[in-house]
Amino acid sequence: MTDTAHRTGLGRRTFLQTAAATGLAAATMPLGSRIWAQSGKVLRVSSYADIDALDPGFYQNGYNVDVMNCIYSKLVRYKPGREWDWELEAAEEIEQVDDTHIRFKLKEGLMFTGGYGEMTAEDVKFSFERVLEHDSPVKSDWGPLDHVEITGKYEGVIVLSEAFQPLWTITLPYGTGHIVSKKAVMEATENGGNFGMEPPAYSGPYVLQEWKPNQYVHLVRNPDWKGETPGFDEIRILPMDDTKTAERAYEAGDLDYTEITLSSLADYRGNEPENTVIEEYPSLYYVWLGMNLDNPALQDENLRKAIQHAINAEQIIDAAYFGEAAPSTGLIAPGLPGHRENPSVPVAGDLDKAREYLEAAGGPPSEPLTIDALNATVWKTMAEVIQAQLSQIGIQTQINVQDSGSFWTLGMESEGERWKDMQLVLNRFSMLPDPYYATSWFVSDQVGIWNWERFSNEEFDELHKLALSETDTETRAEMYRKMQDLMEATGAYKFITHEGTPVMYREGLEPALRPDGRPLFIDFEGEV
Amino acid sequence: MLFYTAQRLVLSVVIVMVAVSILTLMLHVVPGDPAVMILGPRATPELIERTREAMGLDRPLPVQVAMFFANILRGDLGQDVFTGRAVSQIVLEQLPYTMILISVAILWSAACGIALGAYSALRRNTWLDTLSGVVSVGTISIPAFVMALYSVLIFAVWLGWLPAIGAGDGFWDGITHLILPAFAIGVAWVGYVSRIVRASMLEVMTQPHVRMARAFGLPERRITRSHILKIAVLPAVTLIGTGVAHLFSAAVFVEVIFARPGIGALLVGAVNERNYPIVLGAVLITTGIIVLATLISDLVVALLDPRQREEF
């Protein structure tokens, strides 16, 4: 035995040397990347959270919609690019007949998987009406939908009870606009309700091959898809709560595309990873410092205005975002109707004016004011800068940081008495591309729910209602500008920034992004 | 030994029940509403209230705790409030990743720590002993998340030898994805274990039975292995048993940094989202594992050293 081993070169020493060399070779290969790459043309991207809802009638959050965009079809979809626009997807034709009627005709031959047949107007009716019938938490997306009238196998009319402008900017091209198979959903749920994480049939260019919670979402081409062939055979979406982790994963070669943080953008400038393109997109999010109008310490309008004028948004952005975001002038970002070019309170503040207001208020409060903020670095930094800025005019503050679960119920009356003690709060809301989505949180009905400043103004409420059905774009934009003026005039709001959406990707990849930098994976093309 | 084991088992069950009850109380003291988190900002107050009722959150706290334990007895840990999936299924999907991570970290750190500690004790006051001491204390003082961050930067980003994120697909891919996280959380334990083993060995080496063995002319290697090391590793076994809890804590950070599935990553997300069923289910399982690990280490010590079970 020993002799044989020697003759064939398999002695102990040789074996160990060979094993060591093999191990070293294996260790020096980024194996994970190679295994994925071998299975076809694979796009590997990060997402800021793992999916938790795949029923478009009952979805929450944009990361679910990113996947829905790939596995279901909609009548229309957002067009990739720098300007907000939509294009036809499942619809062959669609037109607004009058303020309350939208006629559509589906493309023929769009098939649902699993033998559920061709997509028809009946499926469109079912998909849209079930959102209202089952009291979905996102039924407000469908606003005044009355019903969908079927006029032919592929044709129908969406009937609204009153005009609803966000229909074209949010409802149809986004989450609740996705079309599901009536037959498949009825079989899966019996009453047509929420099917959760198990889509009974797909109608998009991809199907969900596998979802490994907290690991990845694996999409592969839909064999029944008759539309334009998507650019990649497979898409792997890896959930990463921490964008910095995604950046390291990209640098290590585990991702082809990822969003990056604004703080890293500064580092990457002129020092980007190899074969990488970095692009910046504006964001629609809005960040502001709010003041609780019902808190006894903030009753004096002059004190609130002193705070407004003492805050310099540019300094905050320099410290918290490394100067990589632009200051905001209101709730509504540039590019959307209602964006204000100039706020009534200068973005950089005005210390002299702040001191005048403070004097009119009879001086600073006797007790320090509280600033509530989320417990992430960027929010703590912002709060600290604001603390320093307010101390310049003699207003002392104390910063309270809280985890997200606690923070997001801070101003809710249903959560006890905490809203009464809340004074200054650093807030950030997400946004969709219609101004109504921003102002809807500040109407009187939202006081004690999401309107934490407890701002209540009849004119604002009326304008919000009228603007929903206003068809003239400029008139509508003027309404939203007026609404932001009304908010600012209370002294309870200091708008800070809309942040930004920087992304990085491999050279050769042609990503398709919305104007706010959100990815539209089905339109990604190129080589990775 | 049987009586000792039974006593420890009963105590373990009590510890798990107390831990879960305390956690349930804490969850309800901390602000945050799972119904709001599930339904999102656009849900109506009526829908939020109905969801609270459906989740049983409108019931008195003692009733909720009692219901949780009653459901456990039926093998039902509840449902994830977002996806509607069974908590037991979710926890059992994630648990193996953390268990493998912790087990590998314990194994390699114990093997290296014991070897390093024994080597230092046997070559006491040499420069190698000094070097080993410096390395041990150095690794102890570096938090696992710092080690994780730098190991990703060095081995994944700069050198490109190992993957930076995930758990991999298949056996070999899984191994390559395991190396850095296991290294990050285990490295401090090399220091702990080596210091304990060194100190313990130095103490045992001076005991009469070792002198007696030498007087009988037994080979030094056999004395070290059978008469010194066997006793000297006992404190290290206890340390490793109780250290499982620390490793679970370290795994939380490491799983987030490596975007790796596991109980730690699951818990972080669930706590932030006030996903009570997941938090309770995950804590129940992890507490059970920690108590079990402590129990096993106690039993191993009792097995190796009969004096321990007599003292109990």
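What follows draws every value from the coordinates through simple rules; no lab data is involved. Since this is a predicted model, take the numbers as computed values, not measurements. Here the Cβ positions follow ideal geometry from the backbone for every residue, glycine too, while neighbour counts run over all protein chains shown.
Rounding to the nearest 10 and keeping the result within 0 to 90°, find how far the Cα-based axis of helix B:276-304 lies from the longest principal axis of chain B.
Roughly 20 degrees, rounded to the nearest 10.
If you take the beta carbon distance between residue A:233 and residue A:475 as r and set R0 to 56 Å, what does 1/(1 + (r/R0)^6) give as a FRET efficiency, to the nearest 0.05? Numbers along the way, then the final one.
Details: r = 48 Å, r/R0 = 0.86.
Working from the Cβ atoms, E equals 0.70.
I'm checking a number: the convex hull volume of the Cα atoms of the range B:1-152, normalised per residue, in Å³. What is it? Can you show the working numbers first?
Values: hull volume 32.3 nm³, N = 152.
Convex hull volume per residue, Cα atoms: 212 Å³.
Please list the non-local residues whose amide H lies under 5 Å from the amide H of residue A:370, H modeled 1.01 Å from N, same-chain partners needing a gap of 5 or more.
Excluding prolines and chain starts, which carry no amide H, the hits are A:398, A:423, A:424.
Could you work out the per residue convex hull volume over the alpha carbons of the protein assembly as shown, in cubic angstrom? The partial results should precede the final answer.
Working: hull volume 184.6 nm³, N = 840.
Residue-normalised Cα hull volume stands at 220 Å³.
Would you mind checking A:79/A:482; A:79/A:494; A:183/A:226 for any pair whose Cα atoms are more than 23 angstrom apart? Provide the component values of the computation, followed by the final result.
Numbers: A:79/A:482 29 Å; A:79/A:494 33 Å; A:183/A:226 20 Å.
Those over the limit are A:79/A:482; A:79/A:494.
Per-residue HN-Hα couplings for the range B:63-75, Karplus 6.51 cos²θ - 1.76 cosθ + 1.60 at θ = phi - 60°, whole Hz, x for Gly and Pro?
My calculation for the range B:63-75 gives 5, 5, 5, 4, 5, 4, 5, 5, 5, 4, 4, 8, x Hz in order.
What does the extension gain come out to for residue A:108 and residue A:280, with contour length at 0.36 nm per residue minus their alpha carbon separation?
Working: separation 172, 0.36 × 172 = 61.92 nm, distance 3.84 nm.
Taking residue A:108 through residue A:280 to full extension adds about 58.1 nm, to one decimal.
Taking H as built 1.01 Å from N, whose amide H comes closer than 5 Å to the amide H of residue A:281, not counting residues under 5 places away?
HN-HN under 5 Å from residue A:281: A:501, A:503.
Do you know the relative contact order of the range B:94-308, to the nearest whole percent, from alpha carbon pairs under 8 angstrom that are 6+ apart?
On the way: 260 pairs, mean separation 59.8, N = 215.
Over the range B:94-308, the number comes to 28 percent.
Please give the contour-minus-distance gain from residue B:100 to residue B:58: 0.36 nm per residue of separation, less the Cα-Cα distance, rounded to one decimal in nm. Don't jump to the answer; show the numbers that get you there.
Numbers: separation 42, 0.36 × 42 = 15.12 nm, distance 3.89 nm.
Difference between extended and current length: 11.2 nm.
Using a 10 Å cut-off around each Cβ of peptide B:256-263, what is the average number of partner chain Cβ atoms that fall inside? Show your work: numbers first, answer last.
Values: counts 4, 5, 4, 14, 3, 7, 2, 0.
Partner Cβ neighbours, averaged per residue: 5.
Please average, across the residues of B:72-79, the number of beta carbons from any other chain that are within 10 Å of each residue's own beta carbon, and give a whole number.
Values: counts 0, 0, 0, 0, 0, 0, 0, 0.
The shielding value for this peptide is 0.
Calculate log10 I(q)/I(0) of the range B:94-308 for q = 0.08 Å⁻¹, where I(q) comes from the Debye formula with a single equal point scatterer on each Cα and nothing for solvent.
Scattering profile of the range B:94-308, log10 relative to I(0): -0.34.
State the three equivalent ellipsoid semi-axes of the range A:286-497, derived from the C-alpha gyration tensor as the square roots of 5 times its eigenvalues, in descending order and whole Å.
Numbers: eigenvalues 131, 73, 62 Å².
Calculated on Cα positions only, the semi-axes equal 26, 19, 18 Å.
Would you kindly state how much longer the chain becomes between residue A:149 and residue A:210 on full extension, computed as 0.36 nm times their sequence separation minus their alpha carbon distance, in nm to one decimal?
Working: separation 61, 0.36 × 61 = 21.96 nm, distance 3.63 nm.
Result: 18.3 nm gained on full extension.
What's the exposure ranking of B:290, A:150, going from fewest to most Cβ atoms within 10 Å? List each step's numbers first, then the result.
Details: B:290 22, A:150 15.
The fewest-first ordering by Cβ neighbours comes to A:150, B:290.
What's the magnitude of the charge dipole for the protein assembly as shown around its Cα centre, counting Lys and Arg as +1 and Asp and Glu as -1 at the beta-carbon? Answer in Debye, nearest 20.
Details: 65 positive and 104 negative charges, 1163 e Å.
Dipole about the Cα centre, nearest 20: 5580 debye.
Between residue A:381 and residue A:135, with labels modelled 7 Å along Cα→Cβ, what's the label distance in nm to one decimal, could you check?
My value for the distance between the label points is 4.5 nm.
Helix B:234-257 sits at what angle to the longest principal axis of chain B, using alpha carbons and giving 0 to 90 degrees rounded to 10?
Once rounded, one gets 40 degrees.
Pairing the Cα long axis of helix B:2-29 with the longest principal axis of chain B, what angle in degrees results, from 0 to 90 and rounded to the nearest 10?
40 degrees
Describe numerically, in nm with one decimal, the distance between label points set 7 Å from Cα along Cα→Cβ at residue B:123 and at residue A:162.
It works out to 8.5 nm between the two label points.
Could you derive backbone 3J(HN,Hα) for the range A:98-111 from the dihedral phi with the Karplus parameters 6.51, -1.76 and 1.60 (θ = phi - 60°), listing whole Hz in sequence and x where the residue is Gly or Pro?
So the J values, rounded to whole Hz, are 8, 4, 10, 10, 10, 8, 9, 9, 6, 5, 7, x, 7, 9.
Quick one: if you stick a label point 7 Å off each Cα along the C-beta vector at residue B:107 and residue B:222, how many nm between them?
Placing both labels 7 Å along Cα→Cβ, they lie 3.1 nm apart.
Using a 10 Å Cβ count of at most 14 others and DSSP loop calls, identify the longest part of chain B lacking such trypsin sites (Lys or Arg not before Pro).
Of all site-free stretches, the longest is B:125-312.
Quick one: which residues, 5 or more positions from residue A:525 or on another chain, have an amide H under 5 Å from its amide H? H modelled 1.01 Å from N in the peptide plane, none for Pro or chain starts.
Here the answer is A:510, A:512, since their amide H atoms fall under 5 Å of that of residue A:525.
To the nearest whole number, what is the average tally of beta carbon atoms from other chains within 10 Å of the beta carbons of peptide B:29-41? Don't jump to the answer; show the numbers that get you there.
Details: counts 0, 4, 12, 10, 7, 1, 1, 8, 5, 4, 5, 7, 12.
Across B:29-41, the average partner-chain Cβ count within 10 Å equals 6.
When N is the residue count of the range B:16-87, what does its C-alpha Rg come to as a fraction of 2.2 N^0.38 Å?
Numbers: Rg = 13.0 Å, N = 72, 2.2 N^0.38 = 11.2 Å.
Working it through for the range B:16-87, the quotient is 1.17.
Order by neighbour count: A:462, A:228, fewest other Cβ atoms within 10 Å first, most last.
Numbers: A:462 13, A:228 9.
The most exposed by this proxy come first: A:228, A:462.
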